[in-house]
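The values are calculated or read from the model by the stated rules, or taken from the named source; none is laboratory data. Just so we're clear, the structure is a prediction, and the values are computed from it rather than from any experiment. Counting neighbours? That spans all protein chains shown, and the Cβs are built from the backbone with ideal geometry, glycine included. Accessible surface areas use protein heavy atoms only, side chains included; no ligands, DNA or RNA. Shrake-Rupley method; radii C 1.70, N 1.55, O 1.52, S 1.80 Å.
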Amino acid sequence: MQTKNKLITPLLLSVSAVAATAIINKVIKISASSRKILVKPEAHCYKWRLGTIHYTVSGSGKPLLLIHDLAPESNSYEWNYILHSLSEHYNVYSIDLLGCGRSEKPNITYTNYLYVQLLSDFIRSEIGHRTDVIATGASSSISIMACSLNPELFDRLLFINPESILSSSQIPGKNAKFYKFILDLPVLGTLLYNFAVSKKSIEERFTKEYFYNPFSVRSSCIDAYYESAHLGNSPKSVFASVQCNYTKCNILTALKRIDNSIYLLGGSSVDDIEVILSEYKLYNPAIEYAIIPNTKHLPQLEAPQEVLNAIYTFF
């Protein structure tokens, strides 16, 4: 009887710990999405084959597609401070990529080619015309690959703080499958994800990576990104895929082949930004670039007018 009790006690403790963790995960999810910051503006829905894509449309004129960075907390809120002004000159489409923002978040492995297909299909189905594109960070490589494969869909391209060519070319490491397996676990994986996208973690990314001046970060930005990171069925799936480099791709051949006008904007305080932008120009001499002073990864949120001036100069 004593031996039986010794076996039952740790089992009960384990079950209780799992149950408590699951409850904590659920509470975090409900709390993060309770403010409903991303409900407005009302989004259109594109029924793509892997999930519903939410996007907004505003303005008239030549179509312009805005593509946010590829991180679990990223979403089209990234463009909020320049969207209205752009809509006075363009027919602006602002998309939430699959696995991000208000779009559906299926439990799948997200790859560069998946997003290339999404962008191409979206332009064909929802825009229907050759379009200009502005993309941020890791989404720049997706746009480059999509343009290379379907040049008839794309016109001018502008990338804000694109990844270095070396970084965008990384492949999943030998431990990627195991790491992704851990992150995909229903309780433990979700707990690890919640630590990675906690409100404090997102605030640190804004004050250390996204903005040059930490005192200019608005609480509404942090709240919107925090909400975005916890919406949907499986928000951690895109996080696992990004962390394990499944969304990366070697863009060198595509970058050399593209005949479109390409413009690059860099935040002056991003590490090695001059080297990164110069490297792009080395492989495609037609590329032009500019630096936005006193900014980091998201100048469109930190210095929107300077970004708008650059867009109008290039476009």
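Beyond 16 Å, what share of the Cα-Cα pairs of the stretch 161-235 remains, rounded to the nearest whole percent?
64
Before anything else, pin down the relative contact order of the chain: Cα pairs under 8 Å, at least 6 apart, normalised by residue count, whole percent.
Taking the mean separation of contacting Cα pairs over the length of the chain, I get 22 percent.
Taking the Cα atoms of the stretch 180-285, the ratio Rg/Rh between the radius of gyration and the Kirkwood radius comes to 1.06.
Cβ-Cβ distance of residue 178 and residue 89, R₀ of 45 Å, FRET efficiency by 1/(1 + (r/R0)^6): the value works out to about 0.40. Approximating the spin labels as points 7 Å out from Cα along Cα→Cβ, the residue 271-to-residue 283 distance works out to 2.0 nm. Ligands, DNA and RNA aside, residue 191 has an accessible area near 40 Å² when probed at 1.4 Å.
Strictly greater than 27 Å: what percent of every Cα pair in the chain meets that? That fraction is 43 percent.
Amide hydrogen proximity for residue 70: with H placed 1.01 Å from N in the peptide plane, the residues at 5 or more positions away or on another chain lying under 5 Å are 138, 139. Over the stretch 109-213, the hull volume per residue, using the convex hull of the C-alpha atoms, is 151 Å³. Shape annotation for the stretch 43-91: C-alpha extents along the principal axes are 32, 22, 15 Å, from largest to smallest. Does the stretch 92-133 classify as rounded, prolate or oblate by the C-alpha gyration tensor (a ≥ b ≥ c root eigenvalues; a/c under 1.5 gives rounded; else a/b over b/c gives prolate, otherwise oblate)? Because a/c hits 1.5 or more and a/b exceeds b/c, the stretch 92-133 counts as prolate.
Quick one: among 142, 67, 182, which has the greatest mean-square fluctuation in a GNM of the chain with alpha-carbon springs under 10 angstrom? Greatest mean-square fluctuation among the candidates belongs to 182. Computed about the Cα centre, the dipole magnitude for the chain is approximately 1420 debye when only Lys and Arg (+1) and Asp and Glu (-1) carry charge, each at its Cβ. Full extension of the chain segment joining residue 113 with residue 166 gains 17.3 nm, where the gain is 0.36 nm per residue of separation less the Cα-Cα distance.
When 111, 253 are compared by accessible surface with a 1.4 Å probe, the order from highest to lowest is 253, 111.
Comparing 94, 241, 167, which has the greatest mean-square fluctuation in the GNM of the chain with Cα pairs linked when under 10 Å apart? The residue that fluctuates most here is 167.
Given a 1.4 Å probe and heavy atoms of the protein chains only, how would you sort 180, 200, 174, largest accessible area at the top?
Working: 180 20, 200 140, 174 195 Å².
Solvent-accessible surface, decreasing: 174, 200, 180.
Quick note on the stretch 246-315: its Rg to Rh ratio, both from C-alpha atoms and Rh being the Kirkwood radius, is 0.99.
Note on the stretch 37-161: Kirkwood radius taken over Cα pairs, Stokes-Einstein applied at 20 °C and 1.002 mPa s, translational D equal to 150 µm² s⁻¹. The number of Lys pairs in the stretch 184-315 with C-alpha atoms less than 16 Å apart, excluding pairs fewer than 8 positions apart on the same chain, is 5. Sorted largest first by accessible area at a 1.4 angstrom probe radius, with every protein chain in place, the residues 298, 252 fall in the order 252, 298.
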